[in-house]
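Following: one structure in structure tokens, then a few remarks.
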Amino acid sequence: MNALEQRFGDPWDEQNPVGYRAIMAADELQTTPAAGERLLSEYGLGAEFVPTELGGRLDRLDRLVTVLRAVCRRDLALTLANASPFIAAVNVWTAGRTDQRHRVAELLLAGERVAALYHELAHGNDLMSADFVARPAADGRLLLTGRKEVIANVQRAAALIVFARTSDAPGQRSHSQLLLDKASTALDPAAYLPRFRTSGLRGVPLSGIDVRDFPVGADAVVGRVGAGLETVLRSFQLTRLVFAGSAIGALDAGLRTALRFARERRLYGRTALDLPMVRATLRDAFVDLLISDCLSTAATRAVHLLPSQVSAYSWATKLLVPKLLMDAMNRLSRILGAHFYIREGRYAIFGKHLRDLPPVVFGHASRAVCQLALLAELPRLARRAWASTVEPPAALFRQDAGLPPLDFTALSVSASGDALLAGLTTSGPPAVRPLLDRFVAESAALRADCLALGPRDVSMAASPAAFALTTRYATLLAASAALNMWRHSTDPFLHDPAWLEAALRRLGNGIGLDLPGPTGSTHERITTELIDRYDTRRGLDLAAAPIAG
Ligand SMILES: Cc1cc2nc3c(=O)[nH]c(=O)nc-3n(C[C@H](O)[C@H](O)[C@H](O)COP(=O)(O)OP(=O)(O)OC[C@H]3O[C@@H](n4cnc5c(N)ncnc54)[C@H](O)[C@@H]3O)c2cc1C
């Protein structure tokens, strides 16, 4: 069991100060459990966000996902309240000066928070329209004017990373990022906006700032003046992957809760788990969780192994994984019926996870933004990359394989190759070959459709049909990831074709593929694995590692 999971202890223990009962009680008070905050501080969560060369523990991105997945399994609010500094810090690791990198590392290692101020309610995802401005003053300093809203931890953070307009000229070089260290540039308390109240994640302190001509030194700029958006495009590749992959922990918890309920609930003289529809809902959610982890794991490991290809994988992961998680949670809620809606009792935690999950879907780049960004990449990938048959390295899928160091400078703003799609071949177990034939044909059809796209099709004027290409692409990447996980796994369940067949069917049905053959012969194998993992307290993801409950 990993160290964090061990510290968290049994979530079902009503006396556990970081158990589900305490988490629900804190949520009612619109806060996070104090014991959870203390636990993460003592564990030194901040060190997980700091590269090893700066004294932290960040050497592998998939390891960070594992750590945060344990926090998400417990409480998404606790996760955002404590992990959002990673969003700010990655920009400094990617583009900051040495002194800025050391200062942010020092703060995080000391358990301080750094807030990420990118969005403005007036402009949403349209970062290029952000009008929080940093204008040069006569004395060489910068004067900040504007509002940033719905920002996690802004008041209690020791430093802020602010995305600000530094030029009135149109185009992608009009914004920069600034590091505001409150030790030298504390904001007036009146500059903070009142707390925003939200439907979910109610424990996260969300506020904002409103400043007029607030002076900061010109040396606050992170990286080159005007490179703010380019830095975002590089560094958010990592944060999208980390948060989508970590959120799989919420479905793990939801599925576990629904299974617990189905076993305990007696209806018509038997348990709800004996009802075929209930079993099917649980099984489908388990398969969707595995699919999510296949794509997430391959894309996250690609940051080390294929960094110049990650841009497309990161958009695709953010597009597909949160939707799979949210849809699965919505279906599972029907198993709990009234019990998911009631904010008290043994199963109330399910409703909290369900309320907390939507920002994982729409926040930090909405679905439409992911689709539009991906759409812009597809014609080039179709022309240059998809004809290649160079298969992805086995280490992309083997979680026990070592990884090259994390190199923030190796990320590129658009993908220059696509080994993961090349890994989608017909060489799978005999039971799924007819399905793989359809997927490979779909891959060729997607290429033809992408080659036919004109400039208008990939612009803001893109049609719903063009948007649909991105869902097809992300689905094919997930299919390749699942196939290759099966191929390279030595785990008896994961190397059994049962889950792979179910995964390919669910993925194919999701994009309307006409799949051959009967379905359902291997279902019990999957349900048995789900129940066995629950009984033996193992995670429901690919690692199936021991957990506290
Ligand atoms: C709990 C929570 C915590 C947050 N924490 C932070 C934080 O710490 N720091 C921070 O900077 N922000 C934070 N935010 C803000 C948030 O991430 C952004 O406001 C949000 O991602 C973008 O704004 P929006 O949802 O209003 O969407 P909008 O961009 O206004 O989107 C509106 C609609 O238009 C669609 N759309 C947008 N762009 C396109 C496009 N190009 N093509 C087609 N359709 C499009 C969207 O999909 C959506 O349907 C937080 C928000 C929440 C809820």
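The values are calculated or read from the model by the stated rules, or taken from the named source; none is laboratory data. All of these numbers come straight from a predicted model, not from anything done at the bench. We place every Cβ from the backbone using ideal geometry, glycine too, and count neighbours over all the protein chains shown. With ligands, DNA and RNA removed, areas are computed over all heavy atoms of the protein, side chains included. Shrake-Rupley method; radii C 1.70, N 1.55, O 1.52, S 1.80 Å.
Residues in segment 1-118 average 35 Å² of solvent-accessible surface per residue, probe 1.4 Å, ligands and nucleic acids excluded.
For the chain, the Kirkwood estimate of the hydrodynamic radius, built from every pair of different alpha carbons, is 24.0 Å. One chain, two ends: Arg7 and Val390. Fully extended at 0.36 nm per residue, the span grows by 133.5 nm beyond their Cα-Cα distance.
With contacts taken as Cα pairs under 8 Å at a separation of at least 6 residues, the chain carries a relative contact order of 15 percent. For segment 476-549, take N as its residue count and report Rg(C-alpha) divided by 2.2 N^0.38 Å. Relative to the rule-of-thumb radius for its length, segment 476-549 sits at 1.18.
Would you mind estimating how fast segment 388-536 diffuses translationally, via Stokes-Einstein at 25 °C and 0.890 mPa s with the Kirkwood radius over Cα pairs, in µm²/s? Answer, rounded: 142 µm²/s. Tell me whether segment 417-472 comes out rounded, prolate or oblate; compute the Cα gyration tensor, take square roots of the eigenvalues as a ≥ b ≥ c, and use a/c under 1.5 as the rounded threshold. Prolate. Projecting the Cα atoms of Val242, Phe196, Val232 onto the charge dipole of segment 166-263, computed from C-beta unit charges around the Cα centre, puts Val242 farthest toward the positive end.
The fraction of accessible area contributed by carbon and sulfur in the chain is 55 percent, rounded to a whole number (1.4 Å probe; ligands and nucleic acids excluded). In a simple Cβ point-charge model (Lys, Arg +1; Asp, Glu -1; nothing else charged), segment 397-538 has a dipole of about 120 debye relative to its Cα centre. Asp496 contributes an accessible area of around 40 Å² to the protein surface, as traced by a 1.4 Å probe with all chains present.
Relative to a virtual label point 7 Å from the Cα of Thr409 in the Cα→beta-carbon direction, which members of segment 220-237 show backbone nitrogen distances below 15 Å? Counting only backbone N, you get 223-224. Using the Stokes-Einstein relation with a Kirkwood hydrodynamic radius computed over Cα pairs, the translational diffusion coefficient of segment 104-151 at 25 °C and a viscosity of 0.890 mPa s comes to 191 µm²/s. In this rough spin-label picture, where each label sits 7 Å from Cα along the Cβ direction, the Ala448-Gln30 distance is 5.7 nm.
Over all pairs of different C-alpha atoms, segment 352-465 has a mean inverse distance whose reciprocal, the Kirkwood radius, equals 17.1 Å.
Summarising the overall dimensions of segment 71-130 from its C-alpha atoms, the Rg and Dmax are 13.7, 37 angstrom. Give the aspartates and glutamates whose C-alpha is closer than 19 Å to that of Lys148, dropping any in the same chain fewer than 8 places away, or say none. Candidates past the 8-residue exclusion: Glu120, Asp126, Asp131, Asp168, Asp181, Asp188, Asp210, Asp213.
Enter the Cα centre distance for the pair segment 292-317 and segment 422-455, rounded to the nearest angstrom. Value for the Cα centre distance between the two parts: 19 Å. Place +1 on the Cβ of every Lys and Arg and -1 on the Cβ of every Asp and Glu in segment 283-440, take the dipole about the Cα centre, and give the residue among Ala285, His304, Leu403 whose Cα lies farthest towards its positive end. Checking the options against the dipole of segment 283-440, the answer is Ala285. Its Cα centre serving as origin, the chain has a Cβ charge dipole (Lys and Arg +1, Asp and Glu -1) of approximately 640 debye.
If a/c stays under 1.5 just call it rounded; otherwise compare a/b with b/c (prolate if a/b is bigger, oblate if not). Do that for segment 122-189, with a ≥ b ≥ c from the square roots of the Cα gyration tensor eigenvalues. Since a/c reaches 1.5 but b/c is at least a/b, the shape of segment 122-189 is classed as oblate. The dipole here belongs to segment 1-134: it is taken about the Cα centre, uses +1 on the Cβ of Lys and Arg and -1 on the Cβ of Asp and Glu, and is about 340 debye.
Using the Cβ-Cβ distance between Ser459 and Ala218 with R0 = 35 Å, the FRET efficiency computed as 1/(1 + (r/R0)^6) comes to roughly 0.45. Short-range pairs are left out: with C-alpha atoms under 8 Å and at least six residues apart, the relative contact order of segment 417-549 is 23 percent. Ranked by solvent-accessible area (1.4 Å probe, protein heavy atoms only, all chains present), the residues Glu48, Glu230, Glu42 order from largest to smallest as Glu42, Glu230, Glu48. Per the Debye calculation on segment 88-203 with a single equal scatterer at every Cα and no solvent contribution, log₁₀ I(q)/I(0) for q = 0.14, 0.15, 0.16, 0.19 Å⁻¹ amounts to -0.63, -0.73, -0.83, -1.16. Compared with the alpha-carbon gap, the fully stretched path from Tyr268 to Ala110 is longer by 51.2 nm at 0.36 nm per residue.
Taking all protein chains together, Trp386, Trp93 sort by accessible area into Trp386, Trp93, largest first [probe 1.4 Å]. Rounded if a/c is under 1.5, else prolate if a/b is larger than b/c, else oblate: which is segment 32-105, with a ≥ b ≥ c the root eigenvalues of its Cα gyration tensor? Cα axes put segment 32-105 in the prolate bin.
Volume of the convex hull of segment 167-231 (Cα atoms only), normalised per residue: 150 Å³. With the largest listed first and rounded to whole Å, the semi-axes of the equivalent ellipsoid of segment 243-283 from the Cα gyration tensor are 25, 10, 4. In straight-distance terms, cross-link reach from Lys352 covers every one of the lysines whose alpha-carbon lies under 24 Å from its own, apart from those fewer than eight places away in the same chain; here that gives Lys318, Lys323.
In plain terms, the bigger the Kirkwood radius, the slower the diffusion; for segment 253-367, with that radius from Cα pairs, at 20 °C and 1.002 mPa s, Stokes-Einstein puts D at 139 µm²/s.
Hey, what did segment 252-346 get for relative contact order, percent, Cα under 8 Å, at least 6 apart? Value for segment 252-346: 35 percent.
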